[in-house]
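A short worksheet on the structure shown next.
Rule-based calculations on the coordinates, nothing more; no lab input. From a predicted model like this one, the values you see are computed outputs, not experimental measurements. Backbone-built Cβ (ideal geometry, glycine too); neighbour counts: all protein chains shown.
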């Protein structure tokens, strides 16, 4: 779910207090906790290295992304959250688009999808359609690795398993295209699918050409970056780098210690070329974000 291998210069850190984080705890059961966070109630896995850890310690996850989306959406919009994980962004998206809007969330990990649905229920998000499915270029089925969710891991960074993997190491999940979803409009497609971004875009080409939504696409795989950039440009989009830090000094719990150090996510904001935009973001020149 995040380009945890990518870094920018170290951010300043401060002393941890933990008081607000402790006060926000509503329930704990084994490796699971429920806390009152910036954007609502969240059940999360304490053993998740990034999303869970950030919600636990800071009461939010990648708030810089939400700040960007806030400029792109309004009530009544339709957004896709592809690779929604447990809903750290989905819940906010649902509130932003409101009752007249809609969010379609894809999450292929069965256990993570269960937590996504729990968070949607906890926050009364009736305008979200949470699909247990892997988005891709074609429909059918896919495989996801079998994981031990009681052991520490980056559960937001799990790629699909090979198609020929066995039932001992993986389990089947439905696969579908974004184009197979019927929507009255489309304003934003957020894609974070661990190296499968180009396939998801290919499976959304009809909706992209019809509605010309903003796209927000992870691009942290060097071996796939050039092809992804080419695919997006072929749809007549301008691309801009967005590199949000995982740590927000103004986090919801007021926690001063930066446990994520220099980690950033490597994403692109993709804007239809016919749409005027004023932004301080750096336009993509080279598929490697370090170069351009």
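Can you compute the modelled spin-label distance between residue 22 and residue 167, with each label point 7 Å from Cα toward Cβ, in nm?
Spacing of the two 7 Å Cα→Cβ label points: 4.8 nm.
Translational diffusion coefficient of the chain at 10 °C, 1.306 mPa s, Stokes-Einstein with Kirkwood Rh over Cα pairs, in µm²/s as a whole number.
Estimated diffusion coefficient is 82 µm²/s.
Taking 8 Å as the Cα distance limit and 6 or more residues as the minimum spacing, I'd like the relative contact order of the chain as a percentage. Please report the intermediate quantities before stating the final value.
Values: 610 pairs, mean separation 64.3, N = 292.
In percent, rounded to a whole number, it is 22.
In whole Å, what is the distance between the alpha-carbon centres of segment 92-106 and segment 124-192?
Cα centroid to Cα centroid, the span is 19 Å.
Quick check: from the Cα gyration tensor, does segment 41-114 come out rounded (a/c under 1.5), prolate or oblate? Working shown, then result.
Values: a/c = 2.35, a/b = 1.49, b/c = 1.58.
It is oblate, given that a/c is not under 1.5 and a/b is not larger than b/c.
Restricting to bridges with both residues inside segment 149-292, how much of the DSSP beta-bridge set is antiparallel, in percent to the nearest 5?
Working: 12 of 16 bridges.
Looking only at bridges with both residues in segment 149-292, the antiparallel portion is about 75 percent.
Using the Cα gyration tensor of segment 105-213, with a ≥ b ≥ c the square roots of its eigenvalues, what is the shape: rounded (a/c below 1.5), prolate (a/b larger than b/c) or oblate (neither)? Show your work: numbers first, answer last.
Details: a/c = 2.14, a/b = 1.30, b/c = 1.65.
Judged from the Cα gyration tensor, segment 105-213 comes out oblate (a/c at least 1.5, b/c at or above a/b).
When DSSP beta bridges are limited to those with both residues in the chain, what percentage is antiparallel, rounded to the nearest 5?
Working: 30 of 50 bridges.
If we restrict to bridges inside the chain, about 60 percent are antiparallel.
Please list 164-170, 280-286 highest first by mean number of surrounding beta-carbon atoms within 10 Å per residue. Mind dumping the intermediate values first?
Values: 164-170: 11.3, 280-286: 12.9.
Taking the mean over residues of other Cβ atoms within 10 Å, the ranking is 280-286, 164-170.
Quick one: Cα centre-to-centre distance for segment 221-292 and segment 37-64, in angstrom?
Here the two parts' Cα centres lie 21 Å apart.
For residue 224 and residue 275 in one chain, what is 0.36 nm times their gap in residues minus the Cα-Cα distance, to one decimal in nm? Mind dumping the intermediate values first?
Values: separation 51, 0.36 × 51 = 18.36 nm, distance 2.68 nm.
Taking 0.36 nm per residue and subtracting the Cα distance, the gain is 15.7 nm.
Classify segment 35-159 from the C-alpha gyration tensor, please: rounded if a/c falls under 1.5, else prolate or oblate depending on whether a/b exceeds b/c. Please list the in-between numbers first.
Working: a/c = 1.79, a/b = 1.16, b/c = 1.54.
Oblate.
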